[in-house]
1. Under the rule of -39500 (n - 2.57) per DSSP H run of 4 or more residues, summed and divided by the residues of the chain, what mean residue ellipticity at 222 nm is obtained, to the nearest 500 deg cm²/dmol?
2. With charges set only on the Cβ (+1 for Lys and Arg, -1 for Asp and Glu), what does the dipole of segment 169-264 come to about its Cα centre, in debye to the nearest 20?
3. Restricting to DSSP loop positions (anything but H, G, I, E, B) with no more than 16 other Cβ atoms inside 10 Å of their own Cβ, which trypsin sites (Lys or Arg not before Pro) remain in segment 81-151?
4. Can you work out ³J(HN,Hα) from phi for every residue in segment 100-110, in order, using Karplus 6.51 cos²θ - 1.76 cosθ + 1.60 and θ = phi - 60°, giving whole Hz and x for Gly and Pro?
5. Note the angle between two axes, namely the Cα long axis of helix 188-205 and the longest principal axis of the Cα atoms of the chain, as a number of degrees from 0 to 90, rounded to the nearest 10.
6. With unit charges on the beta carbons (Lys and Arg positive, Asp and Glu negative) and the dipole taken about the Cα centre of segment 150-198, which residue among Ser172, Phe190, Gly158 sits farthest to the positive side?
7. Evaluate E = 1/(1 + (r/R0)^6) for Thr92 and Trp29, where r is the Cβ-Cβ distance and R0 equals 30 Å; express this FRET efficiency to the nearest 0.05.
8. Output the pairs from Lys18/Lys233; Lys75/Lys286; Lys75/Lys120; Lys18/Lys241 with a Cα-Cα distance over 32 Å in this structure; if there are none, say none.
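What follows is calculated from the coordinates using simple rules that are stated; it is not laboratory data. Note that the coordinates shown come from a computational prediction; the quantities given were computed from them, not determined experimentally. Note that each Cβ is placed from the backbone with ideal geometry, even for glycine, and that neighbours are counted across all protein chains shown.
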Amino acid sequence: MVNAIRHGASHKADTSQKNGVILAGTYDWNVQDDVGSLADDAYQTNILLSWRREKADWLGLDWRDFQLTAVAVHKGADTFDTDIWAFPVRFTSHIGPLYLNLQLSIIRGETREVSEGLAKLTGKTPKVQAIEHMGAHAMAEYTLGPVALAMEYDYASGDADPRSNTPLTQFSFARDFNVGLLLFEHVLSFQSARSAAVGIENLSQLNATSFPLTEVDSQSRFVNAHAIFPQLKVNIVNNDKHQLHTRLGVLMAWTAAEGVVDPVGTLLQEDGNEISDDAVNFHGGKPGNFYGTEVDVQIGWTYRNVFTWTLEGAMLFPGDALQDENGDAVTSYLVTNRFLFAF
């Protein structure tokens, strides 16, 4: 509008999604169970405001692909007294040789859905629980010719008290937002899935109305952690025909809550007012605070932007959060080899 007033009839509107301010809204109506019943449905409203610039010279610097986006999300359902608000914010931009990606998400609200399931394991009355989640991601990458140096920080709030009368505080990243190759993608995913299977078996015998799988099974997501992840990428060959690169990263992760706590294993042996003396991790040991150190290596070759061959490997040196009841944990290894044809 400002440009139209300034330039008059000579102004041509920029219809791309790379420049300007975008305001969008959506409304979702999710049928949960019975199509003919409205009582079990969930409703979600999303409002998005985004400011974007493809190129700019602010402060004398070369800005490219600038984007600042904020979203307000509300979800509600009568079935379990669910009333949740989420506020994700994202900033990304290239500034000369520097690339920044900053994200923050805060979730607040309440629900009885998780309590309906987990409270059954202890014979207690389900209650509406407060939701207090927070997650953050920060990536800075600086390119020097064929070399790129990156530093990544990730945070997902955790929950060390799985009882049904305490707030829900564990945040989970999206399933396709990977942090490392082995620790969260495979080790914690397997351990939490095994715990979820035990919980589902117990809940099915108790005729539970809720099976809060995602509160137990991480499904390869980044959860309950602070992590720093320095990385080095070297473009060995980069031309129209071949692109060959190697990447090295060292991931170090600590718990965001007071240790790694298996909700199912802990609740099944709860015996009093205190939960700390009953808490166990997913391997049956005492909750620890250090996940460990993971070393990741990647080699990738792309031919004419059609064929890509990627070879990756990882080694995890476990910390006390992964130890069993005897204080033991073994070093883990991973090697993957994949081919991709894009056309």
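1. Dividing the helical sum by the residues of the chain leaves -3000 deg cm²/dmol.
2. In total the dipole reaches around 420 debye.
3. Listed in order of number, the matching sites are Lys124, Lys127.
4. Once rounded to whole Hz, the list reads 10, 9, 10, 9, 9, 9, 10, 10, 9, x, 7.
5. 40 degrees
6. Final value for the positive-end residue is Phe190.
7. The computed FRET efficiency comes out at 0.45.
8. Values: Lys18/Lys233 28 Å; Lys75/Lys286 36 Å; Lys75/Lys120 25 Å; Lys18/Lys241 29 Å.
Flagged as over cut-off: Lys75/Lys286.
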